[in-house]
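Below is one structure, written out as structure tokens; comments come after it.
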Ligand code: C5P
């Protein structure tokens with residue numbers, strides 16, 4: 001993609017915020033969904049919450065009208081990952097879910113095939129499959145970007161819809177893979193915010209500027225004294241970027 005095409009793409013690109021519901025109970029998750037929907041439309045359910053309350057929170061978000069990002073980061077042998085992905089389709093109403101790109105090409109291809117087949121069998125829209133590249137908790141080094149590009153290439157070849165990558169790699173990925181690749185960017189922090197265990201972090205407007213489709217924020221909102229105010233601030237910074 002040349003720089004003119006990239007500029008045009010960025011001018012039309014929309015970036016949406018996803019709230020990572022990293023809490024330990026249905027009632028806490030419900031509190032944040034009730035407080036922030038419809039300002040936030042997409043909620044990420046990860047390992048902690050899914051283990052704590054399973055499908056209950058998925059049904060709640062769905063009934064409320066929210067969209068769901070199921071972030072269980074499948075990393076297993078091809079058969080197991082594919083069968084787990086079939087169950088994700090059967091749950092219904094999952095907009096996107098994650099697998100680890102480091103699970104390898106065969107695993108990703110089998111996941112893609114299973115999702116397509118199951119969605120077709122049920123006559124429903126297939127969820128988007130998003131490949132996790134390298135965790136944003138890994139520190140920046142010169143090896144990271146080439147590795148993320150090669151994992152993304154493998155994900156695209158296997159038919160995945162997008163990847164999770166930090167803002168540090170997002171610009172290169174957009175340039176390399178064009179506008180069709182969905183890029184999800186965690187590690188979002190406002191100036192002066194606690195990093196926690198994240199390393200490759202960035203502000204919301206930087207992620208948008210680099211070409212991210214979705215930014216993921218968890219602790220900056222969940223641990224805030226005023227979660228609504230922080231959410232508003234993040235959305236404002238995306239919209240005015
Ligand atoms: O609290 P914080 O904003 O750091 O949360 C980031 C969220 O994004 C967490 O739920 C984490 O599991 C997820 N994530 C990440 N890095 C990845 C993939 C997912 O931080 N590469």
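Only the coordinates and a few stated rules stand behind these numbers; no lab work does. Remember, it's a predicted structure, so these values are computed and weren't measured experimentally. Here the Cβ positions follow ideal geometry from the backbone for every residue, glycine too, while neighbour counts run over all protein chains shown.
Inter-label distance, residue 157 to residue 138: 1.8 nm, where each label sits 7 Å from its Cα along the C-beta direction. Looking at the range 151-203, the pairs of alpha carbons with a distance over 13 Å make up 59% of the total.
Fewest-first ordering of 8, 169, 205 by other beta carbons within 10 Å of each residue's beta carbon gives 8, 205, 169. With contributions of -39500 (n - 2.57) from each DSSP H run of at least four residues, the per-residue ellipticity at 222 nm computed over the chain stands at -15000 deg cm²/dmol. Taking 141, 85, 25 in turn, the Gaussian network model of the chain (Cα-Cα springs below 10 Å) assigns the largest fluctuation to 141.
The ranking of 91, 107 from fewest to most other beta carbons within 10 Å of each one's beta carbon is 91, 107.
Take every DSSP beta bridge whose two residues both sit in the chain; close to 0 percent of them are antiparallel.
Looking at the square roots a ≥ b ≥ c of the eigenvalues of the Cα gyration tensor of the range 21-152, which shape do they give, rounded for a/c under 1.5, prolate if a/b is larger than b/c, or oblate?
The shape class here is oblate.
Over the chain, with a Gaussian network built from C-alpha contacts below 10 Å, which listed residue (125, 30, 225) shows the highest mean-square fluctuation? Between 125, 30, 225, it is 225 that shows the largest mean-square fluctuation. Choose one answer from 143, 195, 208: the residue with the largest mean-square fluctuation in a GNM of the chain with alpha-carbon springs under 10 Å. Most flexible of the set in this elastic network: 143. Applying the Kirkwood pairwise sum to the alpha-carbon positions of the chain produces a hydrodynamic radius of 18.1 angstrom. Site pair residue 26 and residue 83 shows an inter-label distance of 2.7 nm when each label is modelled 7 Å from Cα along Cα→Cβ. With the simple model of a label 7 Å out from the Cα in the direction of the Cβ, residue 240 to residue 51 spans 4.1 nm.
Counting every other Cβ atom within 10 Å of each residue's Cβ, 31, 37 order from fewest to most as 31, 37.
For residue 59 and residue 116, the FRET efficiency from 1/(1 + (r/R0)^6), where r spans their Cβ atoms and R0 equals 35 Å, is about 0.90.
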